[in-house]
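In what follows, a structure is listed as structure tokens, so that the remarks can point back to it.
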Amino acid sequence: GQSLEQPSEVTAVEGAIVQINCTYQTSGFYGLSWYQQHDGGAPTFLSYNGLDGLEETGRFSSFLSRSDSYGYLLLQELQMKDSASYFCAVQTGANNLFFGTGTRLTVIP
Amino acid sequence: DAGVTQSPTHLIKTRGQHVTLRCSPISGHKSVSWYQQVLGQGPQFIFQYYEKEERGRGNFPDRFSARQFPNYSSELNVNALLLGDSALYLCASSTGRTMNTEAFFGQGTRLTVV
């Protein structure tokens with residue numbers, strides 16, 4: 001079977017840094033994506049890692065270690081608007097995407 | 001520019017009925033993917049179409065089918081609806097043939113099967 005594990009909930013203080021981890025066990029692996037989804041909203045793309053290492057986009061960074069089947073999303077300078085669900089998703093084939101169950105991030109003042 | 005648009009936004013159907021959901025991708029995007037999202041869970045991949053051909057299929061029964069039209073819009077059809085098909089159905093469009101490019105999601109169709 002295929003599995004993606006990420007924490008179900010994380011709480012962090014405004015202005016702080018938070019890391020959301022994702023470990024995967026899949027039949028194929030092309031890359032790891034991260035999506036943000038606010039309640040009642042559509043998922044929005046944050047990042048894609050096809051190779052090992054760190055990708056940085058503004059306050060958000062994403063890391064991948066293929067040898068460890070592990071990745072993380074790092075959010076810096078947290079803002080209240082960052083409260084949302086965050087999903088890691090593995091591209092298991094050229095044309096297949098497998099999502100995790102999501103991490104609900106709550107940012108508190 | 002318009003984003004990904006889906007219709008209808010909400011739908012109530014009776015068990016055993018058939019439903020058709022529609023999606024218009026962002027202009028210039030040739031790839032459309034469909035996902036099912038149950039409350040509290042992540043999206044589950046159903047299909048991907050590129051240039052009117054099915055390129056990827058998730059682990060869903062044959063009751064689920066889709067197609068893409070020459071203008072790259074797409075339909076998702078579900079036959080013999082079950083109560084468990086109640087979910088948010090999301091459509092996403094992208095430029096790439098494979099799924100390593102940024103996907104832009106629509107707001108979804110909320111399907112309730114009673």
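Entry remark, region B:65-97: residues being within 14 Å of chain A (Cβ to nearest Cβ) and over 14 Å from the mean Cα position of the chain (by Cα) number 3 in total. For residue B:51, all conditions in the list (1) within 14 Å of chain A (Cβ to nearest Cβ); (2) surrounded by 14 or more Cβ atoms within 10 Å (Cβ to Cβ); (3) charged (D, E, K, R) hold save one; what is the number of the exception? It fails just one condition, (2). All conditions in (1) closer than 20 Å to residue B:96 by Cβ; (2) open to solvent by less than 80 Å² (accessible area, probe 1.4 Å); (3) among the basic types (Lys, Arg) hold for residue B:13, with the sole exception of (1). Could we say that residue A:8 is among the hydroxyl-bearing types (Ser, Thr, Tyr), more than 16 Å from residue B:103 (Cα to Cα) and more than 11 Å from chain B (Cβ to nearest Cβ) here? Against the criterion (among the hydroxyl-bearing types (Ser, Thr, Tyr), more than 16 Å from residue B:103 (Cα to Cα) and more than 11 Å from chain B (Cβ to nearest Cβ)), residue A:8 does not qualify. Within region A:47-65, the residues that satisfy the criterion of being within 14 Å of chain B (Cβ to nearest Cβ) and part of a loop (DSSP other than H, G, I, E, B) are A:50, A:51. Screening A:40, A:28 for residues that are open to solvent by less than 50 Å² (accessible area, probe 1.4 Å) and more than 14 Å from the chain's Cα centre (by Cα) leaves exactly one candidate, A:28.
Quick check on my filter: what residues within region A:51-101 are without any contact (Cβ under 8 Å) to a residue 24 or more places away in the chain, open to solvent by less than 30 Å² (accessible area, probe 1.4 Å) and closer than 28 Å to residue B:50 by Cα? The one that is without any contact (Cβ under 8 Å) to a residue 24 or more places away in the chain, open to solvent by less than 30 Å² (accessible area, probe 1.4 Å) and closer than 28 Å to residue B:50 by Cα: A:95. Note on region A:12-46: among residues that are assigned to a strand (DSSP E or B) and facing chain B (nearest Cβ under 9 Å), the one that is nearest to residue A:83 (Cα to Cα) is A:37. Counting only residues that are open to solvent by 60 Å² or more (accessible area, probe 1.4 Å) and assigned to a strand (DSSP E or B), how many does region B:16-38 have? The number of residues fulfilling the criteria is 1. Filtered by the rule that a residue be part of a loop (DSSP other than H, G, I, E, B) and within 12 Å of the chain's Cα centre (by Cα), region B:98-107 gives B:106, B:107. Only residues that are assigned to a strand (DSSP E or B) and under 14 Å from residue B:32 (Cα atoms) were counted in region B:51-97, giving 18. Looking only at region A:92-109, residues that are over 15 Å from residue B:60 (Cβ atoms), in contact with a Leu (Cβ under 7 Å, 6 or more places away or on another chain) and within 7 Å of chain B (Cβ to nearest Cβ) come to 1 in all.
Scanning region B:39-48 for residues that are open to solvent by 60 Å² or more (accessible area, probe 1.4 Å) and under 17 Å from residue A:39 (Cα atoms) gives B:39, B:40, B:41.
Evaluated against (1) in a strand (DSSP E or B); (2) polar (S, T, N, Q); (3) out of contact with any Lys or Arg (no Cβ under 8 Å at 6 or more places or on another chain), residue A:85 falls short on exactly one condition, (3). Restricting attention to region B:72-114, which residues are open to solvent by 10 Å² or more (accessible area, probe 1.4 Å), farther than 24 Å from residue B:40 by Cβ and at pLDDT 95 or above? Correct list: B:72, B:73, B:75, B:77, B:79, B:80.
The values are calculated or read from the model by the stated rules, or taken from the named source; none is laboratory data. A quick note: this is a predicted structure, and the numbers were derived from the prediction, not measured. Because the Cβ atoms are built from the backbone with ideal geometry, glycine has one as well, and the counts that use them run over all protein chains shown. The area values use the complete protein model at the heavy-atom level, side chains included, leaving out ligands, DNA and RNA. Shrake-Rupley method; radii C 1.70, N 1.55, O 1.52, S 1.80 Å.
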